[in-house]
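Comments concern the structure below.
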Amino acid sequence: MDLRASDALVRALENEGVERIFGLPGEENLHLVESIRRSGIELVLTRHEQAAAFMAATHGRLTGRPGVCLTTLGPGALNLSTGAAYALLGGMPMVMITGQKGILSAAQARFQIVDTVAAMTPLTKMTRQIVSPAMIPTMIREAFRVAQAERPGPVHLELPEDIAAAPVEEIRLIPPHHTEQPVGCPAAIAAAAEVVRGAERPLIMLGADAARPRCCHALSGFVARMQIPYVTTQMGKGTVSGATDLYLGTAALTEDDYVHDAIEQADVIVTIGHDTSEKPPFAMSDPSKTVIHIGFRPAVVEQVYFPQLEVVGDIEPTLQALGDLLDGTVPHAQALLPLREGILAKIAERATEDRFTPQRIVHEVRRIMPQDGIVALDNGMYKIWFARNYRTTVANTLLLDNALATMGAGLPSAMTAAMLYPQRRVMAVCGDGGFMMNSQELETAVRLGLDLVVMIVEDSAYGMIRWKQAAEELTDYGMTFGNPDFVAYAQAYGATGHRVDDIADLGDVLEGAFSARGVHLVVVPIDYTENTRVLIDELQNRRTAN
């Protein structure tokens with residue numbers, strides 16, 4: 001069989017352990033698609049390039065290995081841009097491969113040609129055009145190395161159609177190898193230990209970078225040894241089980257929520273894996289408070305985050321070394337623990353109220369999801385409520401985006417989770433606005449035979465922005481829209497649709513959907529009056545009282 005450069009690229013991807021590629025075909029990547037057809041890699045055909053990028057990024061997030069997506073040139077390549085930013089800000093390893101017109105001739109002049117490499121430069125860790133078949137093995141190896149290295153993120157390669165079709169005589173692949181991360185400097189670890197040892201009210205905060213799949217065991221062990229209470233950021237949820245007696249909650253807002261009582265009273269905060277791409281979980285303003293940054297990389301100094309001490313290195317061995325120095329020597333480790341009961345009680349209020357409040361919806365989802373069940377959130381007001389109220393016990397079982405915070409990612413992310421973990425329950429939770437941005441991927445989910453439940457919380461409005469508009473005392477304007485009959489919409493794609501009119505039925509409907517298997521769309525109304533009652537009035541009254 002004659003070998004082409006596209007065959008070399010696919011073999012290089014197989015050499016990296018790639019099992020599936022998400023994307024769409026086009027004239028300029030047909031040779032690559034043919035090479036995939038002849039390989040052991042599965043091509044997951046999506047209905048939009050943006051969804052392919054979200055799916056590849058989520059693969060990277062859940063496995064730690066770069067997900068791969070492909071598109072054609074121009075319009076297809078540019079449709080990856082939101083997914084590229086999603087992976088870049090979220091720290092998710094991903095490799096994007098786009099097509100291009102031939103570079104050795106210009107038979108179609110400038111038709112459909114944009115400078116994709118230039119467009120991807122600010123959205124990726126690395127972007128390159130492949131100009132020779134001989135470069136393919138090294139460029140693929142470098143792409144995967146860069147995508148996976150701390151901080152993980154997206155890499156883009158452009159493969160022109162004439163290069164893809166060029167013959168090659170042999171393919172020499174480069175074996176991947178594991179690279180050990182450096183351990184934190186002993187002097188920095190010792191300095192951090194001294195500060196923690198002397199703390200009157202220490203607190204641990206777990207952030208997005210701590211959610212790497214390889215970190216969770218070390219984090220759980222460190223917290224258990226230290227017996228210091230902890231909070232998480234939204235993207236740090238699940239890094240250590242929320243079922244422990246040390247969990248104080250999740251910072252779903254930047255200030256004034258109940259969990260911030262602990263943050264404000266702490267004199268030493270140990271942030272582990274805090275990534276300032278995520279919306280701030282607190283703002284540094286008190287000069288008497290010491291913040292210790294522990295992470296794979298140095299802190300990014302921001303107006304709201306400028307730690308006084310940093311320990312930079314691989315989190316797992318760094319925490320082991322710090323724990324060895326501190327074990328049994330932190331006399332005031334549990335000083336903030338008396339706050340726990342009050343914080344969690346306030347967050348749990350009205351969770352069983354007989355109406356479609358966000359708290360009740362979260363309660364019902366948590367009730368029917370097993371510990372290892374995965375909930376993938378789109379972006380909307382309900383995300384704040386899930387971050388506050390949904391208790392996670394297993395890492396990466398509440399997938400939310402608090403970095404780019406884009407709409408439209410919830411369904412594709414859940415689909416990837418369902419493909420990776422077919423034995424686990426997977427649910428997407430989407431607002432009606434976010435769902436419709438990639439709703440066409442229901443067809444993809446049905447075609448792939450996934451077991452997936454998609455819950456739409458319906459308020460016929462862009463609910464989060466409407467809440468902000470009301471908070472600013474602006475006129476209610478430009479926020480509402482109409483929706484299709486979602487039950488019929490699901491059925492049109494071959495999925496099963498359900499509409500829940502009584503909150504008491506929600507748990508049974510979700511349980512039945514999971515038991516029946518296949519793709520189910522469950523539509524529930526949502527009563528967002530709680531946004532104003534709790535997140536504006538109640539928290540504002542707390543601020544005034546304090």
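Each value in this text was obtained by applying a stated rule to the coordinates, not by laboratory testing. Note that this is a predicted model, so its numbers are computed, not measured. We place every Cβ from the backbone using ideal geometry, glycine too, and count neighbours over all the protein chains shown.
A few points about this structure:
- Span from the the range 1-27 Cα centroid across to the the range 276-301 one, whole angstrom: 42 Å
- A simple charge model with +1 on the Cβ of Lys and Arg, -1 on the Cβ of Asp and Glu and nothing else charged puts the dipole of the chain at about 700 debye relative to its Cα centre.
- Net charge contributed by nearby residues that have their C-beta within less than 13 Å of P66 (K/R +1, D/E -1): +3
- Highest to lowest packing among 322-335, 370-383, scored as the average C-beta count within 10 Å: 370-383, 322-335
- Helix 49-63 and the longest principal axis of the C-alpha atoms of the chain enclose an angle of approximately 60°.
- Given R0 = 22 Å, the distance between the Cβ atoms of L337 and T393 translates into a calculated FRET efficiency of 0.70.
- The range 193-248 and the range 39-114: distance between their alpha carbon centers, rounded to Å: 35 Å
- Degrees separating the helix 5-15 axis from the principal Cα axis of the chain, which is the longest one: 40 degrees
- A504 paired with I103, simple spin-label distance in nm, labels 7 Å along Cα-to-beta-carbon: 6.7 nm
- Relative to the longest principal axis of the Cα atoms of the chain, the long axis of helix 216-226 makes an angle of roughly 20 degrees.
- Links that overshoot a 21 Å alpha carbon limit, given the list K125/K237; K125/K383; K279/K468; K237/K289; K289/K383; K383/K468: K125/K237; K125/K383; K237/K289; K289/K383
- Euclidean distance of C-alpha centroids, the range 463-528 and the range 150-190, integer Å: 42 Å
- Values of log10 I(q)/I(0), in the order q = 0.09, 0.13, 0.14, 0.17 Å⁻¹, for the range 349-536 under a Debye, Cα-only, solvent-free model: -0.29, -0.62, -0.72, -1.10
- Each Lys and Arg contributes +1 and each Asp and Glu -1, all at the Cβ; summed about the Cα centre of the range 423-471, the dipole is approximately 200 debye.
- In this simple spin-label model, placing a label point 7 Å from the Cα along the Cα-to-Cβ direction at both Q491 and E302 gives a separation of 4.7 nm.
- Under a model in which nothing but the beta-carbon of Lys, Arg (+1) and Asp, Glu (-1) is charged, the range 186-343 shows a dipole of about 360 debye around its Cα centre.
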